[in-house]
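> Dumping the structure here so I can ask a few things about it.
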Amino acid sequence: MQEDILFVRKTLGLDPSVSEVKVAYGSVAKDDRELALLTRSMLEIIIDIASYIEVPLGHVEEKRVLPTMSEETVQGVPVPPLIRIHSSSEKPKDAFIAVPYRDCWFWIDDRDFRSKILFTFLMFMFSLTETGGKEGAPIITVPAG
């Protein structure tokens, strides 16, 4: 295991003698005690996820939205999507989450464990990036007299 750890540290250009490294956003680390990661923004992640939404044919025909991305295959084997978001004109009966929009319902099946995990992870990431308002507490004036 030590050989594997040393290999990973050398490959990443990290000091093999330190037990902790700083993780920073960026494309270049400032020294050999930092690991720089250039990640996608939340907007880029949402745009990518949106390509998996099963959009209603009527919305495509009305040019409101592009069609759903076609299923990917590798050597003839279908690659499961990151998330499956279905659409229907009727409210789903067994949905993990369902949202009405225009004349349709968009939803994640409660039996689709993979999609539920990704959706939950995204909600967690949104909560971490939520900045909230900078407003102060409400001021209450109590008459004294």
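The values are calculated or read from the model by the stated rules, or taken from the named source; none is laboratory data. This is a predicted model, so every value here is computed, not measured. Every residue, glycine as well, gets a Cβ built from its backbone with ideal geometry; the counts of neighbours run over all protein chains shown. Quick note on the areas: whole protein, heavy atoms, side chains included, nothing else; ligands and nucleic acids left out. Shrake-Rupley method; radii C 1.70, N 1.55, O 1.52, S 1.80 Å.
> Can you report the number of residues in region 90-100 which are assigned to a loop (DSSP other than H, G, I, E, B), open to solvent by 40 Å² or more (accessible area, probe 1.4 Å) and in contact with a strand residue (DSSP E or B) (Cβ under 8 Å, 6 or more places away or on another chain)?
Of the residues in that region, 3 qualify.
> Every residue in region 101-119 that is in a strand (DSSP E or B), free of Cβ contacts under 8 Å to residues at least 24 places away in the same chain and either open to solvent by 80 Å² or more (accessible area, probe 1.4 Å) or touching a Ser or Thr at 6+ places or on another chain (Cβ under 7 Å) (or both), please.
If the condition is that a residue be in a strand (DSSP E or B), free of Cβ contacts under 8 Å to residues at least 24 places away in the same chain and either open to solvent by 80 Å² or more (accessible area, probe 1.4 Å) or touching a Ser or Thr at 6+ places or on another chain (Cβ under 7 Å) (or both), then Tyr101, Trp105 are the ones that fit.
> Please go through region 43-72 and give me each residue that is over 15 Å from Leu82 (Cβ atoms) and assigned to a helix (DSSP H, G or I), ordered by number.
Leu43, Leu57, Gly58, His59, Val60, Glu61
> Within region 21-32, take every residue that is within 28 Å of the chain's Cα centre (by Cα), touching a residue at least 12 places away in the same chain (Cβ under 8 Å) and assigned to a loop (DSSP other than H, G, I, E, B) and give me the one that is surrounded by the most Cβ atoms within 10 Å (Cβ to Cβ).
In this case the residue turns out to be Ala29.
> Is it the case that Val65 is free of Cβ contacts under 8 Å to residues at least 12 places away in the same chain, open to solvent by 70 Å² or more (accessible area, probe 1.4 Å) and among the β-branched types (Val, Ile, Thr)?
For Val65, the condition - free of Cβ contacts under 8 Å to residues at least 12 places away in the same chain, open to solvent by 70 Å² or more (accessible area, probe 1.4 Å) and among the β-branched types (Val, Ile, Thr) - is not met.
> Something else: Of the residues Ile97, Ile49, Ile83, which single one is touching a residue at least 40 places away in the same chain (Cβ under 8 Å) and closer than 23 Å to Thr129 by Cα?
Ile49
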